[in-house]
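Enquirer: I'd like to ask you about the structure that follows.
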Amino acid sequence: MLLKLDGIKVCCILGDRPEERTTPQEVRIDLVLELPPGAAEIDRLEGTIDYVAVKDKACAIAIDAKAQMMEHLAKLVFDGLKPACRYVRITKRGTMAGLESASVEYP
């Protein structure tokens with residue numbers, strides 16, 4: 001069974017252009033996590049994944065990383081949420097004129 005967390009929003013430093021290195025911007029993080037065996041059988045938080053804690057950890061990783069590339073940030077989030085994490089997508093809006101958004105998926 002999978003848990004999907006879509007649209008985690010965090011303001012962080014992400015990019016390699018000078019203005020991106022000094023001004024935090026909103027980034028969207030989407031996650032897919034594998035739930036523990038039996039999670040559907042136990043109707044208590046102790047038997048599943050606390051997605052508030054996952055959201056907070058993903059945001060902390062993004063803020064602390066100050067990554068230049070979305071690819072690197074996606075890997076950091078993925079690695080930081082192991083072993084449950086199966087998929088990470090990082091989306092950045094307004095990266096350039098004429099482009100609504102750019103995103104990367106890991107792995």
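Conditions tested, residue by residue: (1) under 14 Å from Leu3 (Cβ atoms); (2) modelled with pLDDT under 95.
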| site | (1), (2) |
| --- | --- |
| Glu20 | no, yes |
| Glu26 | no, no |
| Pro36 | yes, no |
| Glu46 | no, yes |
| Lys55 | yes, no |
| Leu76 | no, no |
| Asp79 | no, no |
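Enquirer: Inside region 1-25, can you point out the residues that are of a type in the set (Asp, Glu) and more than 16 Å from Val104 (Cβ to Cβ)?
Expert: Glu19
Enquirer: How many residues does region 46-59 contain that are in a helix (DSSP H, G or I) and exposed (fewer than 14 other Cβ atoms within 10 Å of the Cβ)?
Expert: So the count comes out to 4.
Conditions tested, residue by residue: (1) closer than 13 Å to Lys92 by Cβ; (2) surrounded by 15 or more Cβ atoms within 10 Å (Cβ to Cβ); (3) over 12 Å from the mean Cα position of the chain (by Cα).
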position	(1), (2), (3)
Met1	no, no, yes
Asp6	no, no, no
Val10	yes, yes, no
Glu19	no, no, yes
Thr22	no, no, yes
Gln25	yes, yes, yes
Leu31	no, yes, no
Leu35	no, no, yes
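Enquirer: Let me ask you something else. Taking the condition of being of a type in the set (Gly, Ala, Ser) and outside any loop (DSSP other than H, G, I, E, B), how many residues in region 1-38 meet it?
Expert: Final tally of qualifying residues: 1.
Enquirer: Something else about it: Residue under question is Glu41, and the condition is that it be farther than 14 Å from Thr91 by Cα, assigned to a helix (DSSP H, G or I) and not hydrophobic (A, V, I, L, M, F, W, C); does it hold?
Expert: When the stated conditions are applied, Glu41 does not pass them.
Enquirer: While we're on this one: Identify the single condition in (1) hydrophobic (A, V, I, L, M, F, W, C); (2) touching a helix residue (DSSP H, G or I) at 6+ places or on another chain (Cβ under 9 Å); (3) loosely packed, with under 15 Cβ neighbours inside 10 Å; (4) closer than 19 Å to Pro107 by Cα that Ala62 does not satisfy, given that it satisfies every other one.
Expert: The failed condition is (3).
Enquirer: Let me ask something else. Looking at the structure I just gave you, is Cys85 within 19 Å of Leu2 (Cβ to Cβ) and modelled with pLDDT of 95 or more?
Expert: yes
Enquirer: Is it the case that some residue within region 89-99 is part of a loop (DSSP other than H, G, I, E, B), farther than 18 Å from Val10 by Cβ and free of Cβ contacts under 8 Å to residues at least 40 places away in the same chain?
Expert: yes
Enquirer: Within region 22-34, does at least one residue satisfy the condition of being touching a residue at least 60 places away in the same chain (Cβ under 8 Å), more than 15 Å from Val77 (Cβ to Cβ) and not aliphatic (A, V, I, L, M)?
Expert: Yes: one or more hits.
Enquirer: Do you know which residues across region 65-107 are crowded, with 18+ Cβ neighbours inside 10 Å and either of a type in the set (A, V, I, L, M, F, W, C) or on the phi > 0 side of the Ramachandran plot (or both)?
Expert: Ala67, Met70, Leu73, Ala74, Leu76, Val77, Phe78, Leu81, Cys85, Val88, Ile90 - these are the residues of region 65-107 that are crowded, with 18+ Cβ neighbours inside 10 Å and either of a type in the set (A, V, I, L, M, F, W, C) or on the phi > 0 side of the Ramachandran plot (or both).
The values are calculated or read from the model by the stated rules, or taken from the named source; none is laboratory data. Nothing here was measured: the structure is a model prediction, and the numbers come from that model. Quick reminder, even Gly has a Cβ in these numbers, built from the backbone with ideal geometry, and neighbours come from all protein chains shown.
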